[in-house]
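A.B. asks: To start, I am sharing the structure in question, which I have written as structure tokens.
The values are calculated or read from the model by the stated rules, or taken from the named source; none is laboratory data. Computed from a predicted model, the values in this text were never measured in an experiment. Cβ placement follows ideal geometry from the backbone for every residue including glycine, while neighbour counts extend to all protein chains displayed. We work out accessible area using only protein heavy atoms, side chains counted, and drop any ligands, DNA or RNA first. Shrake-Rupley method; radii C 1.70, N 1.55, O 1.52, S 1.80 Å.
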Amino acid sequence: MNEQRHILHSFLGVIDSTLREGFQFSKANFSLDEQKQIFSYLVEIGVDYIEVANPAKEEIRRTIVELAKLRGKSAVKVLSHIRNHENDVRMSIEAGVDGVNILCTVDAERLAAMGKAPESYRETLAANVRTARHHGLEIRVGVEDFFGQPAAQSLAIYRLAESHGVDRLALADTLGKAMPWDVAHRVRALRRQVHLPLEVHFHNDLGHAVGNALAALQAGANYVSATLLGIGERTGITPLSSLLVNLHVLDPRLARAYDLSRLTEAENYVSRICGIEMPLHLMTNPLNGFAHKAGIHLDALMKFGPQKYEPLPPALIGNRRRLVINTVLSGKTGALDVANFQEKYG
Ligand code: HCA
Ligand code: CU
């Protein structure tokens with residue numbers, strides 16, 4: 001209960017990255033029309049931000065211009081995901097995005113390969129932030145592999161960003177290795193050192209992408225990065241459906257700004273265009289998200305109603321329940337029971 005109250009105070013919004021991180025999924029190869037369709041789904045769902053790729057590439061710049069037209073009357077903001085490079089900022093301005101998500105590195109080998117000392121890298125960042133601010137862009141500064149790097153280097157970046165008036169700081173678990181307790185610890189520590197809203201981005205390599213996002217919110221993080229279906233590099237990141245369902249289950253007020261009923265269609269669309277089956281662990285999976293098969297489960301559903309074995313009504317996320325009968329596990333439940341049940345519960 002206490003945990004829920006924390007999240008109610010800290011959660012500020014969702015940054016969807018299907019069109020950036022999601023595009024990095026090995027099977028994603030979205031056409032312009034498909035990207036437009038994804039963008040429209042995200043607007044319908046009501047995500048707060050839509051992150052797109054780096055407009056330094058001309059083709060991506062042209063795509064962003066087309067996508068940005070689909071914002072319509074919605075409050076959604078389009079953010080380019082860029083490096084700490086002057087040209088990336090310039091091209092973001094040219095593409096007409098609402099803001100920039102600048103990704104920084106504190107990795108010593110990376111900096112050495114760029115021929116940059118940490119101090120001069122931070123000077124470049126200060127200059128880029130000034131340029132972006134001058135053009136009225138919303139600015140986020142993030143650190144790659146935050147959870148795998150020593151805290152002091154990242155803090156130097158965050159402090160500089162804060163003193164230059166950026167809008168949000170971001171922490172990435174790039175390798176998907178952070179444990180929930182480390183997440184809570186490091187977010188809480190940073191929360192005491194900086195005052196800006198914090199965005200978190202968790203990879204799912206060890207299966208913690210959803211739990212870590214919740215642990216981070218509970219520790220005071222404010223925005224979560226997610227993608228439809230959870231697609232991204234390797235095993236992907238926090239799935240948008242899982243994140244929003246969790247928020248709803250924690251407290252419906254947390255998710256009331258979003259149209260959850262569009263999640264099933266949107267995630268099934270993405271799986272179709274990627275040419276993959278729906279992941280079985282997502283509640284938006286139409287085959288098993290709300291399938292009931294064991295005799296004990298079916299019997300309880302008939303007697304007491306679907307809430308006995310459903311964390312939430314399938315229609316809430318646009319999915320449907322499936323009753324699997326006539327198997328060796330079905331018990332007494334037969335076709336007539338199912339017909340009666342459906343009449344009562346749909
Ligand atoms: C990557 C970059 C990133 C960036 C996350 C962010 C990561 O592709 O490696 O900008 O918040 O996971 O670190 O996706
Ligand atoms: Cu990532």
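A.B. asks: Please determine whether any residue of segment 252-272 is within 18 Å of residue 24 (Cβ to Cβ) and surrounded by fewer than 17 Cβ atoms within 10 Å (Cβ to Cβ).
C.D. replies: Taking segment 252-272 as the starting set, the residues that turn out to be within 18 Å of residue 24 (Cβ to Cβ) are 267, 270-271.
So of that shortlist, the ones also surrounded by fewer than 17 Cβ atoms within 10 Å (Cβ to Cβ) come out as none.
Checked segment 252-272: no residue is within 18 Å of residue 24 (Cβ to Cβ) and surrounded by fewer than 17 Cβ atoms within 10 Å (Cβ to Cβ).
A.B. asks: Could you tell me whether segment 218-233 includes any residue that is over 23 Å from residue 285 (Cα atoms), away from ligand 2 (no atom under 16 Å from the Cβ) and not in a loop (DSSP other than H, G, I, E, B)? Spell out the reasoning first.
C.D. replies: Within segment 218-233, the first condition is being over 23 Å from residue 285 (Cα atoms), and the residues that meet it are 218-223.
Narrowing further to those that are away from ligand 2 (no atom under 16 Å from the Cβ): 218-220, 222.
Still in the running and not in a loop (DSSP other than H, G, I, E, B): 218.
Scanning segment 218-233 turns up at least one residue that is over 23 Å from residue 285 (Cα atoms), away from ligand 2 (no atom under 16 Å from the Cβ) and not in a loop (DSSP other than H, G, I, E, B).
A.B. asks: Being at pLDDT 95 or above and touching a Ser or Thr at 6+ places or on another chain (Cβ under 8 Å) is true for just one of 195, 203, 185. Which residue is that? Write out each step before concluding.
C.D. replies: Details: 195 fails: touching a Ser or Thr at 6+ places or on another chain (Cβ under 8 Å); 185 fails: touching a Ser or Thr at 6+ places or on another chain (Cβ under 8 Å).
The unique qualifying residue is 203.
A.B. asks: From the list 336, 329, 287, 298, pick out the single residue that is outside any loop (DSSP other than H, G, I, E, B) and surrounded by fewer than 19 Cβ atoms within 10 Å (Cβ to Cβ).
C.D. replies: Details: 329 fails: outside any loop (DSSP other than H, G, I, E, B); 287 fails: outside any loop (DSSP other than H, G, I, E, B); 298 fails: surrounded by fewer than 19 Cβ atoms within 10 Å (Cβ to Cβ).
One residue alone meets the criteria, 336.
A.B. asks: Here is a follow-up. Looking at segment 84-95 only, could you name the residues that are open to solvent by 40 Å² or more (accessible area, probe 1.4 Å) and either in contact (Cβ under 8 Å) with a residue 60 or more places away in the chain or not hydrophobic (A, V, I, L, M, F, W, C) (or both)?
C.D. replies: 85, 86, 87, 90, 94
A.B. asks: Just for segment 175-209: of the residues that are touching a Phe, Trp or Tyr at 6+ places or on another chain (Cβ under 8 Å) and part of a helix (DSSP H, G or I), which one is nearest to ligand 2 (Cβ to nearest atom)?
C.D. replies: 209
A.B. asks: Name the single residue, out of those in segment 196-217 being over 16 Å from residue 143 (Cα atoms) and out of contact with any helix residue (DSSP H, G or I) (no Cβ under 7 Å at 6 or more places or on another chain), that is most open to solvent (accessible area, probe 1.4 Å).
C.D. replies: Step one: of segment 196-217, the residues over 16 Å from residue 143 (Cα atoms) are 204-215, 217.
Add one more test, that the residue is out of contact with any helix residue (DSSP H, G or I) (no Cβ under 7 Å at 6 or more places or on another chain), and what stays is 205-207.
On the way: 205: 53, 206: 94, 207: 53 Å².
The selected residue is 206.
A.B. asks: For segment 234-245, name all the residues that are within 11 Å of ligand 2 (Cβ to nearest atom) and of a type outside the set (S, T, N, Q).
C.D. replies: Selection gives 234, 236, 237.
A.B. asks: Name the residues in segment 303-320 that are of a type in the set (D, E, K, R) and touching a helix residue (DSSP H, G or I) at 6+ places or on another chain (Cβ under 6 Å), would you? Spell out the reasoning first.
C.D. replies: Applying the first criterion (of a type in the set (D, E, K, R)) to segment 303-320 yields 303, 308, 310, 320.
Across segment 303-320, the qualifying residues are 308, 320.
A.B. asks: Could you tell me how many of the residues in segment 162-178 are farther than 24 Å from residue 214 by Cα and either within 13 Å of ligand 1 (Cβ to nearest atom) or open to solvent by 10 Å² or more (accessible area, probe 1.4 Å) (or both)?
C.D. replies: Let us first name the residues in segment 162-178 that are farther than 24 Å from residue 214 by Cα, namely 162-166.
From what is left, the residues that are either within 13 Å of ligand 1 (Cβ to nearest atom) or open to solvent by 10 Å² or more (accessible area, probe 1.4 Å) (or both) are 162-165.
Of the residues in that region, 4 qualify.
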